[in-house]
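The values are calculated or read from the model by the stated rules, or taken from the named source; none is laboratory data. Remember, predicted model here, so these are calculated numbers, not experimental data. Cβ sites come from the backbone with ideal geometry, for glycine too, and all protein chains shown count toward neighbours.
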Amino acid sequence: MPSPPSSVSGASPPPHTAAPPPPGAAKDQTPPAEPAVARTSSRTTPRTRPRLRVPRGVRRASGPVGLLLLWFLATATGLLPESVLASPVEVVQRGADLIGTGELPQAIAASGRRAALGFLIGAAVALALSLTAGLFRLGEDVIDASMGMFRAIPWVGLIPLFIVWFGIDETPKIALVALGVTYPLYFNIYGGIRSADAQLIEAGRMVGLGRIGLIRYVILPSALPGALVGLRYALSTAWLALVFAEQVNADAGIGYLMSNAQQYFQTDVIVLCLAVYAVLGLLCDFAVRLLSRRLLDWRASFDGEGA
């Protein structure tokens, strides 16, 4: 009987075959992720230069300084004749002369007295009327409609009537300033009182505040921002009313200087008096701004964006 075939010496073993994947395994498997290699950029990020910030005071002064420069160039090149408008150099020289003679300080003092007295009278009247109309419905029914009607009347047009009533001395001038101050103060204080949050008033009542306590701790603080806005308008209106009032038979004041300069065609004096009015109004506005920051430091407000 033949013997079974024996394996040939030196023959290679059969190749090893991998086991087939199980039937439930996914056919397309994602290869394992290679470890990430940190790459350093050959270029460095450029450094940003610090921005040059101009102080706000300089930016505020840039507008008036630019206007003065244009005015000077227009008069120096002859584009604006001196008969039409004097140059700023002549205005400054005339101001120095009037200060040396004492005329300008005396005029500022006389105008300041009229403006201060008229403002105090108008502010007292506006405060009394606005509190009455703002805190009481009966006061609103009686006062607010009348104030809205009188506000529509141009107060400059009342100058002839004031002359008939009060004569041509100081009284009509002070009355005109007081009338111009009353309207902006009244409407801003009245609006501030009526804009008080009703929930705050109700909360004050729940903690036991009476009428006086609500007025003192809730209503008046809520009306304070509007009152300060009205104060700014009232001060600017006071100087504006004084410009018209001092044109009526004035024997002292800034308006008196303007009237005399008009008769002799002295444009440098007229421009100087207008500049004095503007500076006085600007100083009053600056004082109210400081007062607002002092009184409203408890309130977070929006101051604008950017540098």
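Against the conditions (1) closer than 30 Å to S222 by Cα; (2) in contact (Cβ under 8 Å) with a residue 60 or more places away in the chain, K173 satisfies every one except (1).
Of all residues in segment 119-130, none that is farther than 13 Å from N188 by Cβ and hydroxyl-bearing (S, T, Y) has its Cβ atom under 6 Å from the Cβ atom of a residue that is in a helix (DSSP H, G or I) and modelled with pLDDT of 95 or more, 6 or more apart or on another chain. Taking the criterion of being of a type in the set (G, A, S) and either buried (at least 18 other Cβ atoms within 10 Å of the Cβ) or touching a Pro at 6+ places or on another chain (Cβ under 6 Å) (or both), the residues of segment 85-97 that qualify are A86, S87, G95. Kindly indicate the residue of segment 244-299 that is of a type in the set (F, W, Y) and within 25 Å of L224 (Cβ to Cβ) and also modelled with the lowest pLDDT among those meeting that condition. Within segment 244-299, the match that is modelled with the lowest pLDDT is W298.
Based on this model, can you work out whether S62 counts as assigned to a helix (DSSP H, G or I), closer than 23 Å to I254 by Cα and among the hydroxyl-bearing types (S, T, Y)? Here the answer is no, as S62 does not meet what is asked. You will find that of T171, T132, T182, the residue that is in a helix (DSSP H, G or I) and buried (at least 21 other Cβ atoms within 10 Å of the Cβ) is T182 and no other. Looking across segment 218-258, just one residue is free of Cβ contacts under 8 Å to residues at least 40 places away in the same chain, closer than 27 Å to K173 by Cβ and surrounded by 18 or more Cβ atoms within 10 Å (Cβ to Cβ), and that is M258.
Does I215 fit the bill of being on the phi < 0 side of the Ramachandran plot, surrounded by 14 or more Cβ atoms within 10 Å (Cβ to Cβ), more than 26 Å from the chain's Cα centre (by Cα) and of a type outside the set (D, E)? So I215 fits the description; yes. Counting the residues of segment 179-205 that are over 23 Å from the mean Cα position of the chain (by Cα) and closer than 14 Å to L129 by Cβ gives 1.
Residues of segment 68-107 that are over 34 Å from the mean Cα position of the chain (by Cα), over 29 Å from A250 (Cβ atoms) and assigned to a helix (DSSP H, G or I): A76 alone. Picking from residues in segment 153-168 that are free of Cβ contacts under 8 Å to residues at least 24 places away in the same chain and not in a helix (DSSP H, G or I), the one that is surrounded by the fewest Cβ atoms within 10 Å (Cβ to Cβ) is P154.
Here's the yes/no breakdown for (1) in contact with a strand residue (DSSP E or B) (Cβ under 8 Å, 6 or more places away or on another chain); (2) modelled with pLDDT under 85; (3) exposed (fewer than 10 other Cβ atoms within 10 Å of the Cβ); (4) not charged (D, E, K, R):
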site	(1), (2), (3), (4)
A38	no, yes, yes, yes
T45	no, yes, yes, yes
L52	no, yes, yes, yes
P55	no, yes, yes, yes
L73	no, no, no, yes
T77	no, no, yes, yes
S83	no, yes, yes, yes
